[in-house]
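Colleague: Structure provided below as structure tokens; questions to follow.
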Amino acid sequence: MSGSFVTPEFRDRIRGLATPIAAGFGRLGLTPNALTIIGFGGTVVAAVAAGLEAWLLAGILVIAFGIFDLFDGALARATGTTSKFGAFLDSTLDRTGESLIYAGVAVGSAAAEFGWGVILAGLAATFASGVTYTRAKAESLGLHGEVGVAPRPERLVILAAGLVLGDLLGGVGHPGGGELFSLVAPANGTYALAFALGLITILSAITVLQRIVHVRQQLGNEQ
């Protein structure tokens, strides 16, 4: 039982749909590691877009390259080229890319004079990093650590929704406020982005606690 909102069966179905697409990339001569690097490059572009307050573009890129992230693993499994280095590279760039997106959102929020966006992006990045670390540490100890309500795919979907709605609902920030924490009423899209970042923070914190409890249960009476 993963505890996530998305069932393991649904994840397996999505991975199955990704396999033929990944195989097509393979026929073009791309390797799983090349797909990993391309996906990271797209995530960097999404972070830059967020920093430039191009919220809609950032949201589209986050979800697009979040889906693209399925292809490297699918290609590796389909071609029998899975490797420890490939898994290491994928995990490292996934974590780095997600952190960069939150940094981009913080920069964009500051430029939009949305102080709470800067704070919430920092909190979301902190707890999201804790989620990935607890899994990695558990697995380094030979334990299972992939449980919880907010693994990376769920976080990216929430963030992408917040970014897209932030743009479509009138933008983010305090028009004409002139300062980071303005008394001027914020644009409607500000609430959508704030809600998404706050939700990621809360769900990630819960997930960290779930993983701590899960590891403790596996260790039994060991101190």
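The values are calculated or read from the model by the stated rules, or taken from the named source; none is laboratory data. Source: prediction; values computed, not measured. Neighbour counts run over all protein chains shown; Cβ positions are idealised from the backbone, glycine included.
Colleague: Can you spot a residue in segment 136-154 that is part of a loop (DSSP other than H, G, I, E, B) and under 18 Å from residue 62 (Cα atoms)?
Modeller: Within segment 136-154 (the criterion being part of a loop (DSSP other than H, G, I, E, B) and under 18 Å from residue 62 (Cα atoms)), the answer is yes, since at least one residue qualifies.
Colleague: Here are some residues: 165, 123. Which one is buried (at least 16 other Cβ atoms within 10 Å of the Cβ), more than 16 Å from the chain's Cα centre (by Cα), farther than 30 Å from residue 27 by Cβ and modelled with pLDDT of 95 or more?
Modeller: Working: 123 fails: more than 16 Å from the chain's Cα centre (by Cα).
Every option except 165 fails the conditions.
Colleague: Still on this structure, please answer the following. Only one of (1) modelled with pLDDT under 75; (2) crowded, with 18+ Cβ neighbours inside 10 Å fails for residue 51. Which number is that?
Modeller: All conditions pass for residue 51, except number (1).
Colleague: Taking residue 39, is it in contact with an Asp or Glu (Cβ under 7 Å, 6 or more places away or on another chain) and either among the aromatic types (Phe, Trp, Tyr) or part of a helix (DSSP H, G or I) (or both)?
Modeller: Yes: the conditions hold for residue 39.
Colleague: Could I ask something else about it? What are the residues in segment 92-124 that are among the aliphatic types (A, V, I, L, M) and under 20 Å from residue 64 (Cα atoms), if any? Spell out the reasoning first.
Modeller: The initial filter retains those residues of segment 92-124 that are among the aliphatic types (A, V, I, L, M), namely 93, 100-101, 103, 105-107, 110-112, 118-121, 123-124.
Scanning segment 92-124 gives 93, 100, 101, 103, 105.
Colleague: Kindly check whether there is at least one residue in segment 68-80 that is part of a helix (DSSP H, G or I), free of Cβ contacts under 8 Å to residues at least 24 places away in the same chain and either more than 27 Å from residue 209 (Cβ to Cβ) or not aromatic (Phe, Trp, Tyr) (or both).
Modeller: Within segment 68-80, not a single residue is part of a helix (DSSP H, G or I), free of Cβ contacts under 8 Å to residues at least 24 places away in the same chain and either more than 27 Å from residue 209 (Cβ to Cβ) or not aromatic (Phe, Trp, Tyr) (or both).
Colleague: Still on this model: Can you find, within segment 126-162, the residue that is surrounded by the fewest Cβ atoms within 10 Å (Cβ to Cβ) among those that are under 18 Å from residue 198 (Cα atoms) and over 13 Å from the mean Cα position of the chain (by Cα)?
Modeller: 149
Colleague: Are there any pairs with C-beta distances below 6 angstrom linking a residue in segment 201-214 that is at pLDDT 95 or above to a residue that is polar (S, T, N, Q), with the two at least 6 apart or on different chains, and if so which?
Modeller: Going by the 6 Å Cβ cut-off, the qualifying pairs are 208/134; 211/134.
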